[in-house]
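Report on one structure; see the data block that follows.
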Amino acid sequence: MRLENKVALISGGARGMGAVEAQLFVNEGAKVVIGDILEDEGRRTEAQINESGGECIFVRLDVTSEASWQQAVAATVARFGKLDVLVNNAGIFRTEGVLETSEELWDQVMEINAKGVFLGTKHAIPEMRKAGGGSIVNISSVAGLTGGPGSAAYRASKGAVRLFTKATAIQYAADGIRANSVHPGIIETDMTTPNLLVDETARQRSAARHPLGRVGQPQDVAYGVLYLASDESSFVTGSELVIDGGLTAQ
C-alpha cells in the first residue's frame, strides 16, 4: 500500500484524470477528498469509490475562491484528521492564440489554472506543517514547457504552474513539504476530447505527434502522480515529471 495512512485532497476530482487519481489513491491505502464544482459527477465518483471499499468524500470546490479552498481543507481535516497530499488537478483548456484571446478569456484561464493552484497550495501548507510534511502535486502540461501554435492563455497558465511549483518547493523544503509538477502530453479526457480528439482523423493526428504513437490515458498520468504523492519520491522536489509519450523529446 503505497499511500497507507495518507490523506489526500484532489481538486477537479469529479471526473477525468482527477477521478482516476482518486480511485488509484484509495486502492493504495489513502483516504481521499475530491473537490469540484461538478456536484452530480462528484457525488457519483464519491459513491463509486466508497462502494469499491475506499474512503472518499466529495466537497464542492471552486478553485478560484479562497473561501472555498478554506472550506475544502477544513472539511478534509474534520473528516480525516490531517492533510498529507494535495493534487492541484483542476483546470480548463483553451486553444485561442494571442490575438484571439480576449481579456475575459485570459483572466478566466489564469484564475482557474494558476490562481487555483496558488490558493490550494496556500491553504494546504499550514495543515501539512501540522502533519510533519506533505506532498503537493501540481498538474501542468507539456504546454507549460514549450511554445506552439494557439493556446496562448493556457500555455501561460501552465508555465506559471511550473515555476510556482519550484518556488513552493524551495520555500517549504525545511518543513518537509515537497512540491512537484506533472506535464502530460495529450491525454484522452472530457477536457481534451472536444478540442483535440473530436473525430478519428483528429485522434490519429494527435497520436502521430507522440513518438509512442498514441494519445495518453488518465491512468498514464495517475501512476506518475501516485509516485510523487508517495514516500517513494521523498528526495524529489521542485522537479518536473513529463508524461508525454516522447512529445517534448523531439
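The values are calculated or read from the model by the stated rules, or taken from the named source; none is laboratory data. Remember, predicted model here, so these are calculated numbers, not experimental data. Positions of Cβ are backbone-derived with ideal geometry, glycine not excepted, and every protein chain shown enters the neighbour counts.
Values for this structure:
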read-out	value
Checklist (1) surrounded by 14 or more Cβ atoms within 10 Å (Cβ to Cβ); (2) in contact with a Gly (Cβ under 7 Å, 6 or more places away or on another chain); (3) of a type in the set (A, V, I, L, M, F, W, C) applied to Leu212, failing item	(1)
Total residues in the range 43-63, condition surrounded by fewer than 16 Cβ atoms within 10 Å (Cβ to Cβ), polar (S, T, N, Q) and at pLDDT 95 or above	2
Residue match in the range 174-181 (condition: in a helix (DSSP H, G or I) and surrounded by fewer than 20 Cβ atoms within 10 Å (Cβ to Cβ))	yes
Selection count where residues are surrounded by 17 or more Cβ atoms within 10 Å (Cβ to Cβ) and touching a helix residue (DSSP H, G or I) at 6+ places or on another chain (Cβ under 7 Å), scope the range 89-127	20
Options Ala74, Ala124: the member that is aliphatic (A, V, I, L, M) and more than 16 Å from the chain's Cα centre (by Cα)	Ala74
Selection from the range 15-44 of residues that are assigned to a loop (DSSP other than H, G, I, E, B) and over 16 Å from Val221 (Cα atoms)	Gly29, Ala30, Ile37, Leu38
Top-ranked residue of the range 78-88 - restricted to ones that are hydrophobic (A, V, I, L, M, F, W, C) and surrounded by 16 or more Cβ atoms within 10 Å (Cβ to Cβ), ranked as farthest from the chain's Cα centre (by Cα)	Phe80
Within the range 4-25, considering residues that are touching an Asp or Glu at 6+ places or on another chain (Cβ under 9 Å) and among the charged types (D, E, K, R), the one surrounded by the fewest Cβ atoms within 10 Å (Cβ to Cβ)	Glu4
Among the candidates Val117, Val109, Val142, Val137, residue that is of a type outside the set (D, E, K, R) and touching a His at 6+ places or on another chain (Cβ under 6 Å)	Val142
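Condition check ((1) of a type in the set (S, T, N, Q); (2) touching a Gly at 6+ places or on another chain (Cβ under 9 Å); (3) over 23 Å from Asp62 (Cβ atoms); (4) in contact (Cβ under 8 Å) with a residue 40 or more places away in the chain) across all residues:
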{"residue": "Gly97", "(1), (2), (3), (4)": "no, yes, yes, yes"}
{"residue": "Glu104", "(1), (2), (3), (4)": "no, no, no, no"}
{"residue": "Gly116", "(1), (2), (3), (4)": "no, yes, no, yes"}
{"residue": "His123", "(1), (2), (3), (4)": "no, no, no, yes"}
{"residue": "Glu127", "(1), (2), (3), (4)": "no, yes, no, yes"}
{"residue": "Val142", "(1), (2), (3), (4)": "no, yes, yes, yes"}
{"residue": "Thr146", "(1), (2), (3), (4)": "yes, no, yes, yes"}
{"residue": "Pro149", "(1), (2), (3), (4)": "no, yes, yes, yes"}
{"residue": "Ser157", "(1), (2), (3), (4)": "yes, yes, no, yes"}
